[in-house]
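Derivation of every value follows stated rules applied to the coordinates shown; laboratory data play no part. Keep in mind the model is a prediction, meaning the values are calculated, not measured. Cβ coordinates were reconstructed from backbone atoms using ideal geometry, including for glycine residues, and neighbour counts include every protein chain displayed.
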Amino acid sequence: MDITYTPEEQAFRAEVRRFLAGKLPKDVSAKVLEGKRLTKDDHERWHRALNEQGWLAVHWPRQHGGTGWGPVQRHIFDEECAAAGAPQIIPFGLSMVAPVIIKFGTEEQKRYYLPRILDGSDWWCQGYSEPGAGSDLASLKTRAVRDGDHYVVNGQKTWTTLGQHANMIFCLVRTDPAAKQQEGISFLLIDMASPGVTVRPIITLDGEHEVNEVFFDDVRVPVANLVGEENKGWTCAKYLLTYERTGIAGVGMAKAALRHLKHVAAKQVGNGRPLVEDPSFRLKLAEVEIDLMALEMTNLRVVAAVQGGGVPGAESSILKVRGTEIRQAITDLLRRAVGPYALPFLPETLEAGSNLEPVGPDFAAPLAPQYFNRRKLSIYGGSNEIQKNIVAKMILGL
Ligand SMILES: Cc1cc2nc3c(=O)[nH]c(=O)nc-3n(C[C@H](O)[C@H](O)[C@H](O)COP(=O)(O)OP(=O)(O)OC[C@H]3O[C@@H](n4cnc5c(N)ncnc54)[C@H](O)[C@@H]3O)c2cc1C
């Protein structure tokens with residue numbers, strides 16, 4: 001099934017390909033394509049290359065250094081980046097806190113923080129979830145009490161992705177415990193180097209350190225770091241979530257993973273022939289490919305509606321549910337394709353240049369960790385069950 005792009009869109013795709021061929025560091029793309037571990041430096045090098053090209057801030061208005069691209073260009077860019085093995089851009093600064101600062105921040109906050117996000121001076125993380133506040137985010141308890149020109153913050157955040165690298169965290173904090181849940185929350189920018197901030201790792205099922213707990217003990221935060229009005233942080237929080245779900249379908253990444261699955265299925269032999277020729281495996285492969293084609297069409301319909309001036313609504317929930325289910329199904333098939341070779345747990349083989357011999361074919365080692373890691377897709381950004389509730393209410397009217 002071919003999708004027709006205009007000549008301008010095709011020219012844009014060619015330009016993106018040229019840029020990726022020249023500027024995406026080869027050692028970094030090799031790691032991404034082989035499923036190896038990325039370092040902070042790998043992310044930062046790719047961040048710098050995009051910034052030098054002016055292609056980093058795809059969601060920002062031009063006046064602040066954004067690309068000014070429409071949704072179709074963003075879609076093409078995502079697809080080409082995933083195909084070339086570009087690392088995912090860390091979203092917390094560029095796609096989460098920046099749009100909030102642009103919309104609700106003071107002129108001084110915009111002048112100070114936005115250039116620092118672009119040039120990589122600040123690495124942001126997201127302090128929304130707490131042990132008792134995930135899906136029910138408005139029940140968060142981290143407390144900020146005004147003391148002169150500071151807030152004093154006490155509490156705990158959890159699941160803080162890449163908080164170990166971050167020097168800044170944007171937090172939802174409770175500033176008025178007497179108000180109704182959503183009304184007593186504020187949006188605060190906190191320097192991670194402040195006395196009283198402690199970051200502790202959480203090691204996930206794949207053996208990796210990607211998420212953390214962050215504790216605040218009497219942390220003093222200047223009132224100047226409040227974004228928007230005190231007790232109106234829920235408005236910022238909701239605005240940010242619309243950006244968090246942008247591009248959530250992950251079509252580009254799913255297509256790249258499907259290509260890898262076909263490569264693995266062509267190499268692996270089962271019952272005396274390549275797995276890709278096995279009727280039962282072919283059936284599963286075809287199912288997931290058809291699902292992905294349908295997702296891409298749905299995604300493009302939403303993209304076209306946005307291009308025409310619409311606003312993505314509950315459709316982004318459908319994209320999130322289907323996109324993450326498909327990406328998880330592909331990791332499941334990849335793991336099944338190599339069978340017992342997916343079983344040994346050798347985290348060292350995820351390190352580029354590791355001397356440790358993998359058990360089985362080269363591509364087998366990362367498949368089990370990837371399978372476990374991708375379970376997160378249906379949990380974060382609003383769990384899939386919560387997305388289904390949104391679809392039931394907003395689309396089906398139930
Ligand atoms: C890998 C990873 C990275 C993350 N990174 C960050 C981050 O950087 N910053 C951050 O702030 N948060 C982050 N999160 C947190 C994430 O947003 C929450 O995990 C998510 O919102 C779910 O909340 P919870 O874990 O408290 O689960 P709960 O809300 O306790 O939900 C438990 C289960 O019950 C279901 N459920 C809950 N309520 C309903 C309902 N009303 N109807 C139907 N089912 C329901 C859920 O779908 C889920 O299956 C991350 C999570 C993961 C796993």
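Note the angle between two axes, namely the Cα long axis of helix 40-53 and the longest principal axis of the Cα atoms of the chain, as a number of degrees from 0 to 90, rounded to the nearest 10. With both axes taken from Cα atoms, the answer is about 80 degrees.
Checking the cross-link pairs LYS26/LYS284; LYS40/LYS238; LYS255/LYS284; LYS103/LYS320; LYS284/LYS393 against a 23 Å limit on the alpha carbon distance flags LYS26/LYS284; LYS40/LYS238; LYS103/LYS320; LYS284/LYS393 as lying beyond it.
Under the simplified labelling scheme, the ASN355-ALA21 pair shows an inter-label distance of 3.8 nm, with each label point 7 Å from Cα along Cα→Cβ. If only the Cβ of Lys and Arg carry +1 and only the Cβ of Asp and Glu carry -1, the dipole of the chain around its Cα centre is close to 560 debye. Axis of helix 279-307 versus longest Cα principal axis of the chain: the two differ by about 40°, to the nearest ten degrees. Of all aspartates and glutamates in the structure, those lying under 12 Å Cα to Cα from LYS388, and not within fewer than 8 positions of it along the same chain, are GLU315. Stretching HIS150 away from ILE379 to a fully extended chain increases their span by 79.0 nm, per 0.36 nm per residue minus the current alpha-carbon distance. Taking label points 7 Å from Cα along the Cα-to-Cβ direction, HIS263 and ARG111 give a separation of 4.9 nm. Listed by chain and number, the aspartates and glutamates whose alpha-carbon sits under 16 Å from that of LYS262, ignoring those within fewer than 8 places in the same chain, are GLU34, GLU277, ASP278, GLU287, GLU289, ASP291, ASP332, ASP362. Calculate how steeply helix 107-118 sits against the longest principal axis of the alpha-carbon atoms of the chain, using the helix alpha-carbon long axis, and give the answer as 0 to 90 degrees to the nearest 10. The helix 107-118 is inclined about 20 degrees to the chain. Normalising by the residue count of region 122-231, find the relative contact order in percent from Cα pairs under 8 Å and 6+ residues apart. Averaging sequence separation for qualifying contacts and normalising by length gives 30 percent for region 122-231. Region 329-370 and region 86-129 have their alpha-carbon centroids 35 Å apart. Shown here is the pair-distance distribution of the chain: with all Cα-Cα distances grouped in 20 Å bins from zero up to the longest one, the shares run 25, 58, 17, 1 percent. Along the axis of the charge dipole computed for the chain (Cβ charges of +1 for Lys and Arg, -1 for Asp and Glu, origin at the Cα centre), the listed residues LEU295, GLN88, LEU20 are led at the positive end by LEU295. Between the alpha-carbon centres of region 28-84 and region 131-202 there is a gap of 29 Å. Remark: relative contact order (region 7-89) = 36 percent; criterion is Cα-Cα distance under 8 angstrom and separation of 6 or more residues. Taking 12 Å as the straight-line reach from the Cα of LYS376, the aspartates and glutamates in range (excluding those fewer than 8 positions away in the same chain) are ASP206, GLU210, GLU325.
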